[in-house]
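The values are calculated or read from the model by the stated rules, or taken from the named source; none is laboratory data. Keep in mind that what you see is a predicted model, and the values were worked out from it rather than measured. Neighbour counts are summed over all protein chains in view; Cβ atoms, including those assigned to glycine, are modelled from backbone coordinates with ideal geometry.
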Ligand SMILES: NC(=O)c1ccc[n+]([C@@H]2O[C@H](COP(=O)([O-])OP(=O)(O)OC[C@H]3O[C@@H](n4cnc5c(N)ncnc54)[C@H](OP(=O)(O)O)[C@@H]3O)[C@@H](O)[C@H]2O)c1
């Protein structure tokens, strides 16, 4: 699991910092300064012999996970070392705190995702390349003289997806960043995972159903992929907003593990949790009838992360006029729908894509994120389970790529998240 202590831990290795360009090689005096420096998070008195990221000339050394061709992450991702100039004008230099590995990030590297960051040579790569990763939390390490809203030590997230977050350091324009207004009570993990999954869940619940707030606690949503980052966020937001949730998970390899996962989601605030086999069984109609107070409590929204038969089964439970919103396709199976659901129940089938939505509604995206942060600070929104992948200056690129490769494996104990450990 993620530990904030690890995040702030200092690098232990001794390294005389060497910039990408030989003209930036650091001499002995600077290394001595570096060794005497007391980085954050290090117990006083401990001699820290870390690498210095900012050279005598103000250049920041950086590494980025880049790709120049589409393919499997383990085959196409490589670690590219480069230098970042001191920021000028409205530029901001950043250091990575934490960046998750989401399914869409992998699809993007595979070339099967509709949004494709352009391949460029701006980082000095031999071939044009894109930096992978779409969300993450960064800390401001320096700002250009024209920067108005940010200062050293602030935490930021990317305004849009596609800006490339799997990198130790970055230089962005102030306009590309969202400042975390009050980082108190928040961890890098929470900040680094807020902009995709919680925002997706939030908007789908709010924007695709005209909930009858006078019937709080009597209306339902149903979702598959309930153990996903989006699914867990939906459970907690719905609980806060008085909406009951019927959640579908995949069976684990044994009944005990399945029960443990059900309990985990019930503890988060799920009203009911069923397995995919239960969803697809002939008895499911009766299960729903019982759960919904003999059908008196309508299921007014469906959230589809999976597709295939699972999506069809969700749709069949919906009350007339309801929406089934598709946001993921984890089974890779198409969504097929009985015509009767359209003709006689007037169901509406939508898709939602948070990237597009966020680009169109940047102010709403920020206010949605602020709302989620408020819930987190109030202890009402728990972190997604994660598997922390430590990234230090010396971490091998192949190891990082291997971690990315595992993202689509499923049945994971937690979402993979890069946590950068640095001393500067
Ligand atoms: N449209 C949007 O704007 C948007 C935004 C965010 C996410 N998404 C999409 O939503 C999906 C989930 O993303 P996430 O980041 O929340 O995922 P995540 O936390 O990484 O979890 C992935 C989920 O997918 C499930 N899964 C994997 N393979 C499956 C299969 N063959 N059949 C059924 N379920 C399967 C896993 O189930 P287990 O728990 O059983 O392993 C897990 O719950 C992805 O498709 C992602 O691209 C879309």
Practice problem: Within region 159-176, track down each residue that is crowded, with 23+ Cβ neighbours inside 10 Å and under 20 Å from residue 373 (Cβ atoms). | Solution: 161, 165
Exercise. Please work out which residue is nearest to the ligand (Cβ to nearest atom), limiting yourself to region 239-253 and to residues that are modelled with pLDDT of 95 or more and more than 17 Å from residue 288 (Cβ to Cβ).
Key: 250
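Per-residue answers, yes or no, for (1) in a strand (DSSP E or B); (2) within 17 Å of the chain's Cα centre (by Cα); (3) not assigned by the TED database to the domain that holds residue 295:
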| site | (1), (2), (3) |
| --- | --- |
| 324 | yes, no, no |
| 342 | no, no, no |
| 349 | yes, no, no |
| 371 | no, yes, yes |
| 395 | no, no, yes |
| 404 | no, yes, yes |
| 413 | no, yes, yes |
Quiz item: Taking only pairs six or more apart or across chains, which ones have beta-carbon atoms under 6 Å, a first residue in region 226-238 that is assigned by the TED database to the domain that holds residue 248 and within 12 Å of residue 384 (Cα to Cα), and a second residue that is within 7 Å of the ligand (Cβ to nearest atom) and assigned to a helix (DSSP H, G or I)?
Solution: 229/197; 230/197; 230/200; 233/197
Quiz item: In the list 180, 147, which residue meets the criterion of being surrounded by 19 or more Cβ atoms within 10 Å (Cβ to Cβ), farther than 17 Å from residue 366 by Cα and touching a helix residue (DSSP H, G or I) at 6+ places or on another chain (Cβ under 8 Å)?
Solution: 147
Quiz item: Which of (1) surrounded by 17 or more Cβ atoms within 10 Å (Cβ to Cβ); (2) over 24 Å from the mean Cα position of the chain (by Cα) does residue 246 not meet, given it meets every other one?
Solution: (2)
Quiz item: List pairs: first in region 395-424 and in contact (Cβ under 8 Å) with a residue 40 or more places away in the chain and under 14 Å from residue 165 (Cβ atoms), second away from the ligand (no atom under 16 Å from the Cβ) and not in a loop (DSSP other than H, G, I, E, B), Cβ under 6 Å, 6+ apart or cross-chain?
Solution: 400/65; 418/391; 419/7; 419/390; 420/96; 420/391
Practice problem: For region 354-393, name all the residues that are within 12 Å of the ligand (Cβ to nearest atom) and surrounded by fewer than 14 Cβ atoms within 10 Å (Cβ to Cβ). | Solution: 356
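Results for (1) within 16 Å of the ligand (Cβ to nearest atom); (2) more than 17 Å from the chain's Cα centre (by Cα); (3) modelled with pLDDT of 95 or more; (4) within 29 Å of residue 149 (Cα to Cα), shown as yes or no for each residue.
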position	(1), (2), (3), (4)
67	no, yes, yes, no
73	yes, yes, yes, no
77	no, yes, yes, no
80	no, yes, yes, no
91	no, yes, yes, yes
94	no, yes, yes, yes
100	yes, no, yes, yes
Practice problem: Check residue 331 against each of (1) within 11 Å of the ligand (Cβ to nearest atom); (2) at positive phi and name the one condition it does not meet. | Solution: (2)
Quiz item: Can you find even one residue in region 260-282 that is away from the ligand (no atom under 15 Å from the Cβ), outside any loop (DSSP other than H, G, I, E, B), on the phi < 0 side of the Ramachandran plot and in contact (Cβ under 8 Å) with a residue 24 or more places away in the chain?
Solution: yes
Quiz item: Name the residues in region 71-103 that are touching a residue at least 60 places away in the same chain (Cβ under 8 Å) and assigned to a loop (DSSP other than H, G, I, E, B), would you?
Solution: 72, 77, 85, 87, 90, 101, 102
